[in-house]
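Below: the structure, in structure tokens.
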Amino acid sequence: MKPFAELLERLLFAPGRNTKISLLRAYFSARPDPERGYALAAIAGALDFPGAKAAALKQLAMANVDAELFDLSYDFVGDLAETIALIWPAQGDDPPALPEVIERLRAAPRPAIPALIEGWLNRSDPSTRLALVKLLTGGLRVGASLRLAKLALAEMGGVEVHEIEEVWHGLAPPYEDLFAWLEGRAARPAAGAAPVFRPVMLAHPIEPEDMGRIDWREFRAEQKYDGIRVQIVAGPQGRRLYSRAAEDISAAFPEILEAAAFDAVLDGELLVMREGRIAPFGDLQQRLNRKSASPALRAGFPAGIMLYDLLFEAGEDLRPLPFDARRARLEAWFARARPARMQLSPLIPFASAEELAALREGAREAESEGLMLKRGDAPYLAGRPKGLWWKWKRAPLSLDAVLMYAQRGHGKRSSFYSDYTFGVWSEAGELVPVAKAYSGYSDEELNFIDRWIRNHTTNRFGPVREVEKTLVFELGFDGAQTSTRHKSGVALRFPRVLRLRLDKPASEADRLESVRRLIR
Amino acid sequence: MPPHPASWLKPTPSGLYCLPGDFYIDPLRQVPRAIITHGHSDHARPGHAQVLATPETLAIMRARMGERAGASLQPLPYGETLEVGGVRVRLVPAGHVLGSAQVVMEHQGARAVVSGDYKRQPDPTCPPFEPVRCDVFVTEATFGLPVFRHPEPEGEIAKLLQSHALFPGRTHVVGAYALGKAQRLIACLRRQGYDAPIYLHGAHANLCAVYERLGVGLGALRPATAAQKAELKGALVLAPPSAVGERWGRRLEDPVVAQASGWMRIRQRAKAAGVELPLIISDHADWDGLLATIRETQAPEIWVTHGAEEALIRACALMQIRARALSLIGYGDEDGEEA
């Protein structure tokens with residue numbers, strides 16, 4: 001357990017993605033099977049121990065510690081798992097190995113589990129105890145996603161991360177076959193007929209300098225939908241719904257799975273759709289990040305999919321075919337299969353670049369984010385190949401907002417106040433926060449803003465500084481939605497700094513009612 | 001029957017006052033006569049007329065405050081006794097920082113001990129705490145909760161050295177309080193084999209020089225302020241925690257930010273401080289240290305000056321020892337960093 005506990009501790013405090021990846025890589029390279037595989041499973045959230053819940057662990061701790069002292073400590077620490085781990089009176093230096101913990105928990109009858117855990121806690125030092133408690137109660141919360149772990153594994157094995165994604169869902173803890181492949185001791189595990197995720201093809205944003213280079217006649221246009229990218233995998237071996245990041249989100253969308261009565265792998269956009277009409281992104285958010293969906297939620301926010309590509313049909317891999325050929329197969333398949341809750345994303349005809357530009361400008365009215373452009377002769381390739389798929393987002397909305405609070409950034413920006421909260425004027429004449437932005441300024445501007453913040457701080461709340469409400473920024477954003485987190489009741493989507501408006505007095509910043517009007 | 005210390009040792013707004021001796025201990029305001037337990041700025045304040053302390057504490061006060069250390073400074077080495085108006089005063093090592101002392105007072109057969117700040121872990125830069133039997137023991141409670149148990153410092157130093165080996169290209173900057181913590185870290189690093197030069201923030205350099213003058217060897221030290229960015233690559237740098245996140249820290253390229261403090265035991269605290277490598281190294285007694293010390297003094301009554309008083313008083317009640325909070329305001333806030 002100890003090396004695993006040390007890994008979790010370093011991950012929790014590691015400031016950046018690259019540091020986390022190198023920590024994970026060092027761990028996976030150094031630790032033996034099956035320990036590293038179980039660690040990977042813990043990070044993947046693939047382990048569950050029904051007999052070991054937080055309340056039971058608290059009882060164990062309370063049996064050894066005065067109740068008043070426990071409560072005072074819990075008040076101070078604020079986290080139950082951590083309080084238990086720290087207050088545990090015994091101190092050992094012989095913690096159990098991670099595989100032992102997992103294998104014995106799986107084998108033990110439920111009533112025997114508390115005593116088992118008590119013995120382990122007695123044998124462990126505080127950081128191992130915390131790792132143990134977090135492992136048992138689920139939710140490591142160390143800021144390392146499965147995605148980061150896969151990136152670390154890809155580095156370790158010298159393979160592309162999509163090669164791991166492709167076999168991942170056919171694997172099970174402790175993943176010995178995966179490590180054997182990555183270390184060159186065995187062939188890549190077969191994805192087989194299991195309903196595994198296939199790496200997705202991504203688009204580049206069109207920059208102004210790209211415009212002249214694009215031969216528009218070679219491209220097909222579609223709407224860019226404001227939902228989330230998904231992959232539906234269905235066949236005799238089962239059905240799955242995956243997010244773009246290969247996360248299995250099947251359980252949250254049972255109606256989609258039910259509708260997937262076919263043998264195919266499809267690429268598309270998950271949306272909330274009512275009678276064929278696409279609802280705003282805010283509606284879809286009600287369904288995201290959930291483990292399941294109640295009947296009420298399903299009825300209120302019915303999910304649907306806009307289909308735009310066909311990767312496999314009845315086991316046949318269509319990915320090497322050009323887009324036009326895949327599109328023809330998709331249309332023919334759709335005409336036959338007619339799956340419920342799914343629509344074909346229509347191709348948008350256009351005759352010239354000018355016409356396309358006009359279509360993009362009109363995208364806001366059409367409730368989409370802009371346009372997707374796909375080369376007619378491009379195969380379906382994993383990753384983000386240059387020049388084959390483009391996304392051409394509509395021009396951002398903008399408003400002038402006043403800097404209210406600032407916080408220091410991380411990594412390279414850890415000594416700079418680089419994370420900002422912006423507000424606009426409410427009807428009552430107060431500034432109310434509507435957005436947080438961390439990007440869009442140059443290094444030079446950052447220097448200026450950082451200095452300004454240090455010289456105009458009026459209040460401090462831990463790491464947060466409140467500043468004089470005088471500095472105005474022009475913010476770009478993609479839309480507005482209702483928010484329960486902001487006091488203003490609205491939040492901007494993808495806000496970023498467009499420019500500093502030193503010329504503008506704060507009183508001339510935008511009003512809340514004009515932001516509210518943008519909510520779709 | 002000897003007079004109970006409560007009748008001759010009183011908490012006042014200026015600090016703890018000894019009536020028959022007519023002096024204050026670690027006074028919070030300027031007073032005519034002060035006994036200072038140690039040099040941290042929340043205990044050693046400037047501008048008293050007469051100051052009594054260990055020679056080491058006086059040297060530290062002079063280095064930090066110059067003329068303002070006091071009009072007249074009287075050294076009292078550990079173990080020597082001085083009569084002050086019917087009170088026999090003795091200073092005994094507290095193990096907190098160099099020069100730190102408990103004030104032992106005897107008056108007509110009753111004995112009270114004011115510990116100042118103290119720790120029970122070994123520290124190569126100062127003599128260890130010596131428990132003294134007494135009738136009233138006045139203790140701090142900075143880490144007076146059972147979640148605070150400081151690990152052995154060797155293991156924490158080893159963590160720092162491991163990280164240094166794992167990220168050889170990154171500057172490791174350790175946030176550490178300038179008096180005591182910095183010198184202890186350096187001495188521990190030397191003991192565990194790190195003999196390369198250690199780079200210092202200006203605030204640390206002065207006090208390191210005082211320690212060296214008082215006979216505590218710290219090895220090769222260099223000013224970080226004068227060093228080039230390239231020279232600091234892969235080096236160990238010590239700085240006050242507040243400087244690391246400020247502009248001063250920008251001279252460091254891609255630093256690993258460490259901090260040495262007892263508060264690092266609590267993960268969210270460490271995270272909120274922007275620390276990547278928390279090191280649980282404290283110059284205060286942890287929970288077990290507080291309870292063990294209370295038992296060793298065999299005092300029937302405990303007064304708690306500052307920190308988590310409530311929990312420590314509860315623990316005393318469970319041990320059937322009388323305890324009360326003195327509620328002295330003003331200690332434990334030397335930027336909250338000296339823990």
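General remarks:
- Residues of region A:51-73 that are of a type outside the set (A, V, I, L, M) and over 31 Å from the mean Cα position of the chain (by Cα): A:Lys58, A:Gln59, A:Asn64, A:Asp66, A:Glu68, A:Phe70, A:Asp71, A:Ser73.
- Among the criteria (1) polar (S, T, N, Q); (2) part of a helix (DSSP H, G or I); (3) more than 14 Å from chain A (Cβ to nearest Cβ), the one B:Thr225 does not fulfil is (2).
- Residue check for A:Gly315: surrounded by fewer than 21 Cβ atoms within 10 Å (Cβ to Cβ) and in contact (Cβ under 8 Å) with a residue 24 or more places away in the chain: yes
- Per-region count, region B:243-270, residues under 30 Å from B:Gly144 (Cβ atoms) and surrounded by 16 or more Cβ atoms within 10 Å (Cβ to Cβ): 16
- One residue from A:Leu80, A:Leu140 being within 14 Å of chain B (Cβ to nearest Cβ) and within 23 Å of B:Trp287 (Cβ to Cβ): A:Leu80
- Restricting region A:23-50 to residues that are over 20 Å from the mean Cα position of the chain (by Cα) and small (Gly, Ala, Ser), the residue that is farthest from the other protein chains (Cβ to nearest Cβ) is A:Gly37.
- Filter pass, A:Met1 being surrounded by fewer than 23 Cβ atoms within 10 Å (Cβ to Cβ) and hydrophobic (A, V, I, L, M, F, W, C): no
- For region A:294-312, a residue qualifies if it is surrounded by fewer than 18 Cβ atoms within 10 Å (Cβ to Cβ) and aliphatic (A, V, I, L, M), and the qualifying residues are A:Ala296, A:Leu297, A:Ala299.
- Of all residues in region B:234-253, none are at the interface with chain A (Cβ under 9 Å from one of its Cβ atoms), part of a strand (DSSP E or B) and in contact (Cβ under 8 Å) with a residue 12 or more places away in the chain.
- The residue list B:Gly95, B:Gly85, B:Gly175, B:Gly180 contains one member that is out of contact with any strand residue (DSSP E or B) (no Cβ under 6 Å at 6 or more places or on another chain) and either modelled with pLDDT under 95 or charged (D, E, K, R) (or both), which is B:Gly85.
- Helices (runs of 4 or more DSSP H) wholly inside region A:95-179 containing at least 3 residues that are in contact with a Gly (Cβ under 9 Å, 6 or more places away or on another chain) and within 26 Å of A:Pro195 (Cα to Cα): A:161-168
- Looking only at region B:297-320, and only at residues there that are outside any helix (DSSP H, G or I) and either closer than 13 Å to B:Pro146 by Cβ or within 12 Å of chain A (Cβ to nearest Cβ) (or both), the one that is modelled with the highest pLDDT: B:Met319
- In summary, A:Val196 fulfils each of the numbered conditions (1) in contact (Cβ under 8 Å) with a residue 60 or more places away in the chain; (2) not assigned by TED's automatic domain parsing to the domain that holds A:Phe350 with the single exception of condition (1).
- Looking only at region B:254-281, residues that are part of a loop (DSSP other than H, G, I, E, B) and among the hydrophobic types (A, V, I, L, M, F, W, C) come to 5 in all.
- Subset tally (residues that are among the small types (Gly, Ala, Ser) and surrounded by 16 or more Cβ atoms within 10 Å (Cβ to Cβ)) for region A:93-119: 2
The values are calculated or read from the model by the stated rules, or taken from the named source; none is laboratory data. The model shown is predicted, which means the values in this text are computed figures rather than measured ones. Every residue, glycine among them, receives a Cβ derived from its backbone with ideal geometry; neighbour counts consider all protein chains shown.
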